[in-house]
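Right, one structure below, let's go through it.
We did not get these values from a lab; they are worked out from the coordinates using the rules stated. Computed from a predicted structure; not experimentally measured. Neighbour counts are summed over all protein chains in view; Cβ atoms, including those assigned to glycine, are modelled from backbone coordinates with ideal geometry.
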Amino acid sequence: MYNYIFLISILLITYYMVIVKRLPALVGGFRLQSLFLFLTTVSFAFELKEAALYIVAILIFVLKVILIPNFLAGITKKIQVNENLGLLLNPQLSILVALILTYLSYLFTFNVMPFTDKMQSVTFALTLCVILIGLFIMIFRLKAITQIIGLLVMENGLFLLAVTMCRGMPFLVEISIFLDVFISVIILGIFVYRINTLFTHIDVNKLTNLRG
Amino acid sequence: MANIFNLHVGFLRDGLSLFFVSTILLISLPSATYSLGYLKGHYSKGKIIYNWVLFVLFIISMLLVVTVNNALVFLICWESMSLISYFLVIFDEKSEKSISAGTVYVVMTHIGTAFIIAAFLILYNHAGSFDFNVLRINADTLSAGARNLVFLFLLIGFGTKAGIVPLHIWLPLAHPQAPSHISSLMSGVMIKTAIYGIIRFVICILGVSSLWWGNLILVLAAISCIVGVICALMEHDLKKLLAYHSVENIGIILLGLGVSMIFLKLNLPVLAVFSLAAGLYHLINHAIFKGLLFLCAGSVYKATGTRDIEKLGGLIKKMPYTSAAFLVGAVAISALPPLNGFVSEWLTFQAFFQGALSTTAGMKVFLSLSAAALALTSGLAAACFVKAFGVTFLAMPRSAKAREAVEVSFSMKVSMCFLGILTFVFGLGCVIIFKNLVVVSKNVLGLETLNVNFSLNNFILITANNSTVSLPAVALVLVLCVIATAILLFVLAGARKARQYDTWDCGYYNLGARNEYSATAFSKPFRVAFSFFLLPYRKTEKIRESFYHVKTFKYETFTTPIFRKYIYAPLLGGIFGLARFMRRLQPGSIHLYISYIFITIIALIVFMKKF
């Protein structure tokens, strides 16, 4: 039962991330989303009685709730750019798009996926929606850091899909994905820092000098 | 698909393969000795070793192309031959021209290879194997449409390599850029492997199934002949001129091949064997004299550093051996008796005349017209070589470089001499050689050997149906008369003492190199006569001091490269336009790139039900 509360909370937090206007708020949203992801994983681990899932949950907590958000917040502070996200689409329209995406994933799930269990299909629609909104954040926000966060949101959605649909991926795969995500965030963060020192901004839409 | 790699590769030992192997070896031998002298002093030591590695690989790949009995292996060898020759074309990689010529070559040859691959895949799909024998057995049950498609693909694919008009565009660019011994190999032998491909795959494996195949080849061949020789007449770069003559001669070879296919379909086996043998004879003859001419052109280039014949002249006094060798080659390519070019062109003519006698109405006219095209070609070729030899070797030098030319080294002279002797051997020994070629030809066409018999005795051709064709004995007598007169004159004049003096100048004084007949002037009548094809235009530029006093006057004349302008330029323009249009997809915005993915996903989600 708790699962569904956690899942709905993840969806609501994702909506929140769509309408925020400042960078720290977005990072905070991600921290909160990861926290609920952690809770979902723990409750699934409890339900399925799998030791591996507990370890994965702890990893989520350490990496996605503490380390990555701290690192991102640190970088935001360090480069001292304008806290505004640079919205290509205002919050009202954004939330509208997010709602449409939710509806689309719902339609997709019920029309195409062969689920018999109703709750399972709702879960699937929800995770798909989180992935799509991650992609949406990547596209319609200007700052380079938002691209990293969008990617992380997508990754959260994928992880959620794996946990809820297939009781998690094999342990080794899980661990390696965590490592990948962590390292890629660090590398991307360093890139953002370098871009800022080089161009004195991190607006991605201005970085078009290299095209052929 | 599993047995695709289950290859049973063996080597063919039939007449056709042996014929091509001997042609390749015959030309590569003098080419190798020639390169000893040619490369020395021109290139660094590392470059010479690089050349030898490529040279050996090139010959090995050509030998493999004409001997393997598996279509897949054939393709691999064919492709390596193309690539190695590409590296040989860009051997002077510092020159901008080489690189661009190499690019045109490699693009054209790969377009050709693509068509060959398509044809092979159709055959493979039907037969389930790449083995030649299996392909041949299964080709009989191929549907008519597929058969025609395979034939067209093979013709385009091999035609690109052979240089059939309008696919010849790479030939005059690539051949001159390679070092001369390589040019002689490429022009003499490599483009012949394409003829091998057509014979092997169209005649041997696919089997001639429609009359229009032969007609198409014949028409293309006649066009190649005439276009090649007209372009050669307009060309003043010695090696480019020779390259255009390769287009022409490939046309003559294909005339023999095409008419043979027609006879095969019209059920005239004797004539089919005869004309294929004539084509093959011209093939080896062209290899010999074109190899010789390219080596001579290389010697001229080595001695003077230029290939522009307008800057040459008077070389006969400085380079007597090269001049003699070039003259022999020129006589052979102009099809004058008693050298080898004459024999094979004469045989091709005979094939046409015999064909016109044994066929009915429409075909009679068609064959006669083809023969007329061949006649026009040989006439123009002779004119072209009068120009090439006259302007390059006779009269006074037109530039300082030509004045300071010296004869080339021993190894180069030996190679030219070897090929020069071969032109005589293949001209005078035609009786024996033709007999052997008839055997090859019979083998290729798979006809019963008993009722097909030829003999060439005293230049009288006897065919099985007892009709005889004789070389006009008068011509032979005339040749002998000319030789006798020459000897007589030499004996009479030799007694007199020669007096060295300037050329008689008609009362003018101080006639210099600028007063000479130039190559442009020589080719002017042809430029006018063929203006409908060449579309000549001129540019004049006058700088006047006053109305009455023109200080300088510049006059240039050009011909329009008709195929490049009207076929290749629009094609390339279209491709580049499309590419520019597609580039708008990539404006450099990361957001846009991600949204491409996003839109794709959304579209998939929305339309998933439909799939």
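Overall size of the range A:70-181 from C-alpha positions, given as principal axis extents largest first: 51, 39, 16 Å. Here the translational diffusion coefficient of the range B:1-207 follows from Stokes-Einstein with Rh set to the Kirkwood radius across Cα pairs; for 20 °C and 1.002 mPa s it amounts to 121 µm²/s. Kirkwood analysis of the range B:534-611, using all unique Cα-Cα pairs, places the hydrodynamic radius at 18.7 Å. Rounded to the nearest 10 degrees, the angle from helix A:68-79 to the longest Cα principal axis of chain A is 10 degrees. Each part reduced to its alpha carbon centroid, the range B:576-611 and the range B:123-193 end up 40 Å apart. When only C-alpha pairs under 8 Å and at least 6 residues apart count, what is the relative contact order of the range B:132-205, in percent? Normalised by residue count, the contact order of the range B:132-205 is 44 percent. Take every Cα pair under 8 Å whose residues are at least 6 apart in sequence, average their separation, divide by the length of the range A:2-206, and the relative contact order is 23 percent.
Fewest neighbouring Cβ atoms within 10 Å first, the residues B:E235, B:E404 line up as B:E404, B:E235. Calculated FRET efficiency, A:L93 to A:E50, Cβ-Cβ distance, R0 = 41 Å: about 0.45 to the nearest 0.05.
Rounded to the nearest 20 debye, the dipole size of the protein assembly as shown about its Cα centre is 1900 debye, using +1 on the Cβ of Lys and Arg and -1 on the Cβ of Asp and Glu.
Across peptide A:102-108, the mean count of Cβ atoms from other chains lying within 10 Å of each residue's own Cβ comes to 2.
Rg over Rh for the protein assembly as shown works out to 1.17, using Cα positions for both radii and the Kirkwood form for Rh. Note on the range B:297-433: Lys pairs 8 or more places apart or on different chains, Cα atoms under 29 Å apart, count 18. Output the relative contact order of chain B, whole-number percent, from Cα pairs under 8 angstrom with separation of 6+ residues. Normalised by residue count, the contact order of chain B is 13 percent.
Centre-to-centre, using Cα atoms only, the range A:39-107 and the range B:532-573 are separated by 71 Å. Could you state, as a whole-number percent, how many of the C-alpha pairs of the range B:24-142 are farther apart than 19 Å? Considering the range B:24-142, 59 percent of its Cα-Cα pairs are separated by more than 19 Å. Each principal axis of the Cα cloud of chain B was taken in turn, and the coordinate range along them, longest first, works out to 100, 74, 53 Å. When the P(r) is computed for the range A:1-152, the part past 25 Å accounts for 34% of the Cα-Cα pairs.
A cut-off of 5 Å between modelled amide H atoms, ignoring neighbours fewer than 5 places along the same chain, links B:V165 with B:S224.
Peptide B:585-591 is shielded by partner chain Cβ atoms: per residue, an average of 5 of them sit within 10 Å of its Cβ.
Between B:V550 and B:F353, residue separation times 0.36 nm minus the direct Cα-Cα distance comes to 65.1 nm. Report note on the peptides A:134-140, A:176-182, A:197-203: ranked by the mean count of other C-beta atoms within 10 Å, highest first, their order is A:134-140, A:176-182, A:197-203. Arranged from fewest to most other beta-carbon atoms within 10 Å of their beta carbon, B:W52, B:W346, B:W78 become B:W52, B:W346, B:W78. In order along the range B:142-156, phi translates into HN-Hα couplings of 5, 6, 4, x, 4, 4, 4, 5, 4, 4, 5, 4, 5, 5, 5 Hz, rounded to whole numbers, per the Karplus curve 6.51 cos²θ - 1.76 cosθ + 1.60 with θ = phi - 60° and x for Gly and Pro.
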